[in-house]
1. Working only within region 347-392, note down all residues that are farther than 23 Å from Leu312 by Cβ, within 23 Å of the chain's Cα centre (by Cα), open to solvent by 10 Å² or more (accessible area, probe 1.4 Å) and of a type outside the set (Lys, Arg).
2. So which residues in region 405-425 are farther than 22 Å from Ala343 by Cα and either basic (Lys, Arg) or touching a residue at least 40 places away in the same chain (Cβ under 8 Å) (or both)?
3. Closer than 30 Å to Ala410 by Cβ and crowded, with 19+ Cβ neighbours inside 10 Å - does that describe any residue in region 6-22?
4. Just one of the numbered conditions (1) in a helix (DSSP H, G or I); (2) modelled with pLDDT under 95 is not true of Val258; which one?
5. Across region 162-188, what is the number of residues that are open to solvent by 50 Å² or more (accessible area, probe 1.4 Å) and not basic (Lys, Arg)?
6. What tally of residues in region 105-149 results from selecting those that are of a type in the set (A, V, I, L, M, F, W, C), open to solvent by 30 Å² or more (accessible area, probe 1.4 Å) and either modelled with pLDDT of 55 or more or not in a helix (DSSP H, G or I) (or both)?
7. From the residues in region 328-346 that are in contact with a Gly (Cβ under 8 Å, 6 or more places away or on another chain) and of a type in the set (Gly, Ala, Ser), which one is surrounded by the most Cβ atoms within 10 Å (Cβ to Cβ)?
8. Which of (1) under 25 Å from Arg363 (Cβ atoms); (2) more than 20 Å from the chain's Cα centre (by Cα); (3) touching a residue at least 24 places away in the same chain (Cβ under 8 Å) is the odd one out, the single condition Gln293 does not satisfy?
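The values are calculated or read from the model by the stated rules, or taken from the named source; none is laboratory data. Keep in mind the model is a prediction, meaning the values are calculated, not measured. Glycine gets a Cβ as well: all are built from the backbone with ideal geometry, and neighbour counts include every protein chain shown. Accessible surface is based on the protein model in full, side chains and every heavy atom, while ligands, DNA and RNA are left aside. Shrake-Rupley method; radii C 1.70, N 1.55, O 1.52, S 1.80 Å.
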Amino acid sequence: MRSPRTPNQSLRILLAEAGWSGAQLARRINALAAAQGTALRYDRTSVAHWLAGSRPRPPVPDLVAEAFTRSLGRPVRAQDTGLLNPGQPRRADGAPPGEGSAVARLERILGDTDRRGLARLGAYSLAALAIPPGVSEAARIPAAEPSARVDASQVRLAREMLTVFSRGDAAFGAGSIREPLRQFLSTALLPWLRRDMKPAVRRELFTVAAQLVYLCAFTHFDMNHQAAAQRLYLTSVELAREAGDPVGTALGLRGLSVQAHTLGHFTEAHRLAEHAVRTGVRHVPPHQQAFLQGQLAVTQAALGDSRALRLLADAERRLEGTASGSSPVGAFHQGSLALQHAAVARSRGDHRTAVRALDLSLRRRPADERRSRALSLAELAELQLAAGHLEQACRTGHEFLDVLPHIHSARAEVRLRALTAGLRPHATNTVAAALLARARPRGGAGRPTG
């Protein structure tokens, strides 16, 4: 707050340019915040206070800037809104890749992703997805700090930790490993990245660092911290490029595509998926070729492109006769591909095929992939309910609730709320009522009773 307040002419000009009322801006801010896991309840009165000179807390200035960016079709920065306090520092984490080293960016982001600082990362940004097609890796690697050298033993340890965290995420959900992974990146990996090492060791360490940061991004995505996830995905791309690693670059681009598709930005998701395939498909084994192509098919289907089915068929041929991909990141198997078949079918309005594909995905899903199993069960129950198969949907819903207490995933909790909302109109049905009773949160904790 300023005292005395000065009317915010910058915000007033932006509102006039967009043709919005204060209520319309408030609704867009609330929607943007909800998409990245933050519940806000602003209204026209709030905007009137801002116009009069009050200044909201982060991440609101970034959300306002993103809302105007999308409406006006040009970049609007938080400082352009007149909502930042004088002297408030602006971080470069949301800047286009290439501004500053990836290690410096990672350090800033990790400092802001503790439990108290997530709001400082602002809003998920469409403008930040304008990723340049390539960089000069040799010029980007930061100078080493004069300290003990890093050797192959640190690289081996980083790879072991990647495997441990990846398995924990798949089995127990991101909420169980997000903070330990962040701490490992902050306290061990970052100091290693700054130390002196041989060029070959540097390439290997930056390669595994990109994978660890990719996984950290995914844990934030799974916990619905979308702004943090986006910045970490972008940093994983930068680390992979500094290592000269097209595979890691492609994986990061695919992660950004999955996130954009989930948030409803289908054009951007398709562009990123195409970029991922162009970058990495020549450099990866067959299961990861299918991993990249399957996501491209999902984005094609979302845009109504009939080529999606042919691309899925090609991905299926690549998986035939190959061992299931066991990579810590980029793992892919027949259950994963069936899930993408379901996504494509659902985009095409073919719910019957989507149900069959989800059922196949569940049968082929490894038992230790609990989070993916839970999400697939919830989606299957929703489709069965939409088709009018209430008892079948309730049986599937009970299977979902069997898995849910064993994982910590915001995406799974969102699925629980959606399933519960879909069942409420059937609350007088005995079978539906039993599932609704079981799904009630325990003591407000947000988890179902077991």
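1. Matches in region 347-392: Asp368 only.
2. Across region 405-425, the qualifying residues are Pro405, His406, Ile407, His408, Arg424.
3. no
4. Val258 satisfies every listed condition except (2).
5. Matching residues across region 162-188 total 6.
6. 10
7. So the residue we want is Ser336.
8. Failing condition for Gln293: (2).
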